[in-house]
Amino acid sequence: MTRTGLDRIAAEPPPFLAGAKAVLLCNQASVSARFVHARDIVARSAELVAILSPQHGFFSEKQDNMIESGHFTGPDGIPVFSLYGETRRPTAEMLSGADTLVVDLQDVGVRVYTFISTVVHCLEEAAGAGIRVVVLDRPNPVSGAVVEGNVLDPGLRSFVGIFPMPMRHGMTMGELAMMINREAGINAELEVVAMGGWDRSMFFADTGLPWTFPSPNMPSPLTALVYPGQVVWEGTNVSEGRGTALPFELFGAPFFPPGEILGAVPPEALAGCVLREIVFEPVSNKWAGESCRGFHIHVTDPARFRPYRLTLAMLAAVARICPEFGLKPPPYEYEFEKRPLDLIIGDRGIADRVLEGGNVLALEGEWRAGLDDFMKMRKQYLLYR
């Protein structure tokens, strides 16, 4: 079974935490394989002076984007500060008295998932304050072997695009922190507690670890498998399944003609999955209380499945076929002027061409050079084979 960085320090408390005054960035999913929370494990070696929480709150209870969670004091007297709200980076007050900032967050392997942006802001503030950062590494649930999508246009840098990388980056949180810390010139004092028993070909189901949901609409590893593509619908008036029991695995809208849409998608985009036509009714979010015609994505071969390719191909078909289709207006993740779809895709030109019904397979060929450059850069930061 894979041993996370947290499991490793639980079994062998590291000397560098002994007597440290630590701030811990975590949420309710930051638990060991035996469901012991990181706050309890870190507190065995260090004095815990504060806890920081990412988007969705410490308890992962906030359902949507730009829904803020507040600060509170836990029953042990330790203050818990939100890094998703008026400020998205730790303040001097939050770091007061600390010499070490420990990070234990379950990432999902996707550029737009904001936990990595929060970690980068922590690295920046820690560097300025002379505070050491320790990342307790965890698996990339969608594997470290597959990298997919266009590299972010730096002009669209945002909280859902903190660094030029593709949608599905194939890296762990520790590897990402090392890469961005150096390549972005942050140069914080950084240590990564690597995992044991994990290799790049593994999906979460291969790790033997229990899944604890890192955000309310990431209830299972199956959700994570489709998310690198399905998150794109957040920039449109198509339901991405929020408000149902299967967020991101379901998608559709009242105006969908499923058979016609599916018939317009190239077979290559359907590799490793089956799209089953269904009707669903969200209880919240887009189209709440209305019947949506659409699809349930069943991943049959995770190694062949390419979620970003699939969703862009579906988006091109929907934009071409459905006159009722539209884009979500700003704001999105604290960006008040840029189109949400551009921020999510990470390149306005690519977004426009998809909306014009462009061939996604041809687009993949065009962004290949940028992806190859990213692969060369990331290679030096990989901790696992």
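Points to keep in mind about this one:
- Here LEU95 clears all of (1) in contact (Cβ under 8 Å) with a residue 40 or more places away in the chain; (2) touching a Pro at 6+ places or on another chain (Cβ under 9 Å); (3) within 16 Å of ARG132 (Cα to Cα); (4) of a type in the set (A, V, I, L, M) except the condition numbered (2).
- Any hit, the range 341-352, residues being of a type in the set (Gly, Ala, Ser), closer than 18 Å to ALA269 by Cβ, at pLDDT 95 or above and part of a helix (DSSP H, G or I): yes
- Among (1) over 21 Å from ARG88 (Cβ atoms); (2) surrounded by 23 or more Cβ atoms within 10 Å (Cβ to Cβ), the one test that VAL160 misses: (1)
- Residue match in the range 223-240 (condition: free of Cβ contacts under 8 Å to residues at least 60 places away in the same chain, over 14 Å from the mean Cα position of the chain (by Cα) and closer than 23 Å to TYR84 by Cα): yes
- Restricting the range 58-86 to residues that are among the β-branched types (Val, Ile, Thr) and not in a strand (DSSP E or B) leaves a set whose member that is farthest from ASN217 (Cα to Cα) is ILE78.
- Screening the range 198-230 for residues that are part of a helix (DSSP H, G or I) and out of contact with any Asp or Glu (no Cβ under 7 Å at 6 or more places or on another chain) and picking the one that is surrounded by the fewest Cβ atoms within 10 Å (Cβ to Cβ) gives ALA205.
- Hits in the range 39-57 - residues which are assigned to a loop (DSSP other than H, G, I, E, B) and among the acidic types (Asp, Glu): none
- Only one entry in GLU125, GLU148 is touching a residue at least 24 places away in the same chain (Cβ under 8 Å), more than 18 Å from LEU6 (Cα to Cα), in contact with a Gly (Cβ under 9 Å, 6 or more places away or on another chain) and assigned by TED's automatic domain parsing to the domain that holds GLU61, namely GLU148.
- All positions within the range 297-340 that are in a loop (DSSP other than H, G, I, E, B) and of a type in the set (Ser, Thr, Tyr): THR300, TYR334
- Taken over the range 70-101, the residue count meeting the criterion of being crowded, with 17+ Cβ neighbours inside 10 Å, more than 16 Å from LEU123 (Cβ to Cβ) and of a type in the set (S, T, N, Q) is 1.
- Residue match in the range 239-251 (condition: farther than 21 Å from LEU270 by Cα and either assigned by TED's automatic domain parsing to the domain that holds SER60 or charged (D, E, K, R) (or both)): yes
- Failed item in (1) acidic (Asp, Glu); (2) over 19 Å from MET171 (Cα atoms); (3) under 22 Å from the mean Cα position of the chain (by Cα), with GLU356 passing the rest: (3)
- Considering ARG276, ARG293, ARG309, ARG378, the condition of being more than 29 Å from THR172 (Cβ to Cβ) and either touching an Asp or Glu at 6+ places or on another chain (Cβ under 8 Å) or not assigned by TED's automatic domain parsing to the domain that holds ALA253 (or both) is satisfied by ARG293 alone.
- Residue list for the range 296-315, restricted to those being crowded, with 22+ Cβ neighbours inside 10 Å and farther than 12 Å from ALA269 by Cα: ILE297
- With respect to the conditions (1) more than 21 Å from PHE251 (Cα to Cα); (2) in contact with a Cys (Cβ under 7 Å, 6 or more places away or on another chain); (3) among the polar types (S, T, N, Q), THR300 falls short on a single one, namely (1).
- Filtering LEU246, LEU315, LEU310 for residues that are in contact (Cβ under 8 Å) with a residue 40 or more places away in the chain, within 30 Å of SER69 (Cα to Cα) and not acidic (Asp, Glu) leaves a single hit, LEU246.
- Scan the range 233-263 for residues that are small (Gly, Ala, Ser) and either at negative phi or surrounded by fewer than 21 Cβ atoms within 10 Å (Cβ to Cβ) (or both) and the total you get is 6.
The values are calculated or read from the model by the stated rules, or taken from the named source; none is laboratory data. Being a predicted model, the structure only gives us computed values, none of them experimental. Note that we place each Cβ from the backbone using ideal geometry, even for glycine, and neighbour counts take in every protein chain shown.
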